[in-house]
1. Assuming 0.36 nm per residue, please report the length gained on full extension of the stretch Val59 to Asn225 beyond their Cα-Cα distance.
2. I'd like the FRET efficiency for Arg147 and Ser184, computed as 1/(1 + (r/R0)^6) with the beta carbon distance as r and R0 of 45 Å, rounded to 0.05.
3. How big is the Kirkwood radius of the stretch 86-227, worked out from every pair of different alpha carbons and given in Å to one decimal?
4. Exposure proxy check: Ile119, Ile98 ranked by fewest other beta carbons within 10 Å?
5. With Cβ to Cβ distances under 10 Å as the rule, what net charge do the other residues near Asp131 carry (K, R +1; D, E -1)?
6. Decide, for the stretch 186-228, between rounded, prolate and oblate: order the square roots of the alpha carbon gyration tensor eigenvalues as a ≥ b ≥ c, take rounded if a/c falls under 1.5, and otherwise choose prolate if a/b is larger than b/c, else oblate.
7. Based on other C-beta atoms within 10 Å, arrange Trp113, Trp97, Trp53 from fewest to most.
8. Between the stretch 153-228 and the stretch 103-147, what's the alpha-carbon centroid distance in Å?
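Computed from the coordinates by the stated procedures, all read-outs in this text should not be read as laboratory data. In this text, all values refer to a predicted model and were calculated from it rather than measured experimentally. For neighbour counting, all protein chains shown are included, and Cβ atoms are generated from backbone atoms with ideal geometry for every residue, glycine included.
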Amino acid sequence: MLAPGDTLGGIVVLSQMRSGPLLTELLSAVGSAASLLALALYFRPAKTAASPWEVVGWVSAVVLLGLFVFIRIRDYLRSTPRAYRSPEKIRGFMKNWINRGGRVAIFSRDMSWVDEDEIHDLLRTKARRHDLILCLPREIALSTELRGLGAEVHLYPELDFTPSSRFTMINIGRQDSEVAIGRSINGVHTIQQARLGHDPLYAVTADLIAVVTRLERCRNASATNQTS
């Protein structure tokens, strides 16, 4: 994502969620539940004790409402950019992020953030398991090493382009796949997470990986045709 000289995975353009729509949704849900409860109380006989089924129904409604509120707030917090004010904290996040399992794709400029043995060893392990994808503008010593260990490396030197978009995707090919995206806001490094099927930012980053992958395949196919 974001780190001195490079970001520890990240993309420059982030869409920041606002609390307004979430608050409106939560108030609407609570209001609807309160209206249904009031309607049920209005039609039930006065001065009679609640039956066991009524108690079960009211408790279930409260539990379901609380669960809905919890899930929506959790999803909101996950997708809200968080500030990381030191390189150590950023690298700590990156190490934990990559170590969560599954295939990992890193879209970066030169991976200069890999300056610790622990992160380097983690990438080597991923490469040996064929669980590492690198997308870089040009070959570097680290990508050459990791390619030799089994990493999938995709380059685009012919574009003569240094990307400002950088991110790290984990658990590729699984339903719980996520991407960590970051940028500097007012001099503070921020990281935002997006999940498959929950945020359009995930689809954008997945498309970038697909474009770079197909670009190299087209280049290789063209080279094969020229030599045949």
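1. On the way: separation 166, 0.36 × 166 = 59.76 nm, distance 6.92 nm.
The span from Val59 to Asn225 would gain 52.8 nm if fully extended.
2. Details: r = 30 Å, r/R0 = 0.67.
Working from the Cβ atoms, E equals 0.90.
3. Numbers: mean 1/r = 0.0632 Å⁻¹.
In the stretch 86-227 this quantity evaluates to 15.8 Å.
4. Working: Ile119 19, Ile98 23.
Placing the least packed residue first, the sequence is Ile119, Ile98.
5. Working: positive: Arg103, Lys126, Arg128, Arg129; negative: Glu152.
Its environment carries a net charge of +3.
6. Details: a/c = 6.83, a/b = 2.47, b/c = 2.76.
It is oblate, given that a/c is not under 1.5 and a/b is not larger than b/c.
7. Numbers: Trp113 24, Trp97 20, Trp53 8.
Final ranking by Cβ density, sparse to dense: Trp53, Trp97, Trp113.
8. Cα centroid of the stretch 153-228 versus Cα centroid of the stretch 103-147: 14 Å apart.
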